[in-house]
Amino acid sequence: MTGPVWDLVTLGEVLLRLAVRAPDRFENARTLDVQFGGAEANVAAAAARLGLKTALITAVPANPWGERIRRELAGHGVDCSYVRTKPGERLGLYYLEYGAAPRPTRVLYDRRDSAFTRLSQEEVDWTAIRAARVVHLTGITPALGLTSRILAERILAEAPALSFDVNYRAALWSPSEARTFAMAVLPRARYVFVGLEEARSVFDLEEAPEEALKALAVYAPRATVSLLMGAAGSVTFDGQRMVRPRTSYPVEVVDPVGAGDAFVAGFLWAALRGRDIQVTVDTAAAVAALKCSVWGDIATISPGDVDDVLTGRAGIRR
């Protein structure tokens, strides 16, 4: 092998997403919308749609749901050669109820003992990890159990370059556990993504965003670190400059789920093409905004869509 085979490889669980269409609630829903999602798969799919060569490592059950996941992700351009199908296993799922202010959006998980959580390191072809320009990992994977944590820890040793999204899930582990794992990752990471609330709950950083970023950069001296702040945008520190998107994009929010993953995908797409930090941040913000305008976990967008946002072209296209 003479060089990287993939621009981006991700490893993580793919979930069946069953969503209640707003404004219904769990208690009165009669139908559920079927989608698939998962932080790592969302990043791989969006990045593939934008033009990166991506692959996903995961495990799915050997049944029609597993087959559909492979087909749909391959349809987005993701290489699914390393997706293991496991007979007799189940697919993790989550239920989604969209809120309307002041009612929050709610998520219920049913993922215990899924096919992915039973994926051992002996079943993973680690040549895919070694053959990537960047490997993307989130804090969800090590929180799923000991077997998945072993996979995540091995990635730290195998990946030539690492992208890490803290992606803290309170239902899976405690802030102190998440912090312990993150502290093992941060010194090795090239790109780090963390939400503002995660910075506070996991790292006890109550400072202003710029000061919180500087504190995180001490733990991740080789990384470009991005702090995601929802409607307030983002701020990124590359060790020298604090960079915010130059434009705040107006968004008609159709579905905000997956916006953080879309930001990561857009960021890596721009960074791996050699764009400077300002263009990279602008691109990531545009991809996140576009994701909010479409239904489902995955940003079903194209490079042309991103270019339209970045250049200010809007309205009806004929």
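The values are calculated or read from the model by the stated rules, or taken from the named source; none is laboratory data. No experiment lies behind these values; they were computed from the predicted model shown. Note that each Cβ is placed from the backbone with ideal geometry, even for glycine, and that neighbours are counted across all protein chains shown. What goes into the accessible areas is simple: the full protein's heavy atoms, side chains included, and nothing from ligands, DNA or RNA. Shrake-Rupley method; radii C 1.70, N 1.55, O 1.52, S 1.80 Å.
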Worksheet item: Where in segment 115-192 are there helices (runs of 4 or more DSSP H), lying fully within it, with 1 or more residues that are in contact with a Ser or Thr (Cβ under 7 Å, 6 or more places away or on another chain)?
Response: 140-143, 146-158, 175-185
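Return the residue satisfying two criteria in turn: it lies in segment 206-221 and is open to solvent by 60 Å² or more (accessible area, probe 1.4 Å) and not charged (D, E, K, R), and of such residues it is nearest to Ala182 (Cα to Cα). Show your work before the answer.
So in segment 206-221, the residues open to solvent by 60 Å² or more (accessible area, probe 1.4 Å) come out as 206-207, 211, 214, 218-219, 221.
Next cut, not charged (D, E, K, R) only: 218-219, 221.
Details: Val218: 13, Tyr219: 9, Pro221: 14 Å.
Looking at residues that are open to solvent by 60 Å² or more (accessible area, probe 1.4 Å) and not charged (D, E, K, R), I get Tyr219.
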Item to complete: Restricting attention to segment 273-301, report how many residues are closer than 16 Å to Asn42 by Cα and in a loop (DSSP other than H, G, I, E, B).
Response: 9
Response to the item:
Condition set assigned to a helix (DSSP H, G or I) and of a type in the set (A, V, I, L, M, F, W, C), scope segment 67-103, selection farthest from Val34 (Cα to Cα): answer is Ala74
Worksheet item: Looking at segment 258-305, which of its residues are among the β-branched types (Val, Ile, Thr) and open to solvent by 40 Å² or more (accessible area, probe 1.4 Å)?
Response: Val279, Thr300
Discussion item. Just checking, does segment 234-248 include any residue being touching a Pro at 6+ places or on another chain (Cβ under 7 Å) and either among the charged types (D, E, K, R) or closer than 27 Å to Val306 by Cα (or both)?
Written reply: yes
Item to complete: Can you give me the number of residues within segment 48-66 that are closer than 16 Å to Gln35 by Cα and either without any contact (Cβ under 8 Å) to a residue 12 or more places away in the chain or of a type in the set (A, V, I, L, M, F, W, C) (or both)?
Response: 3
Fill in: Residues located in segment 33-55, provided they are under 11 Å from Gly77 (Cα atoms) and part of a loop (DSSP other than H, G, I, E, B)
Gly51, Leu52, Lys53
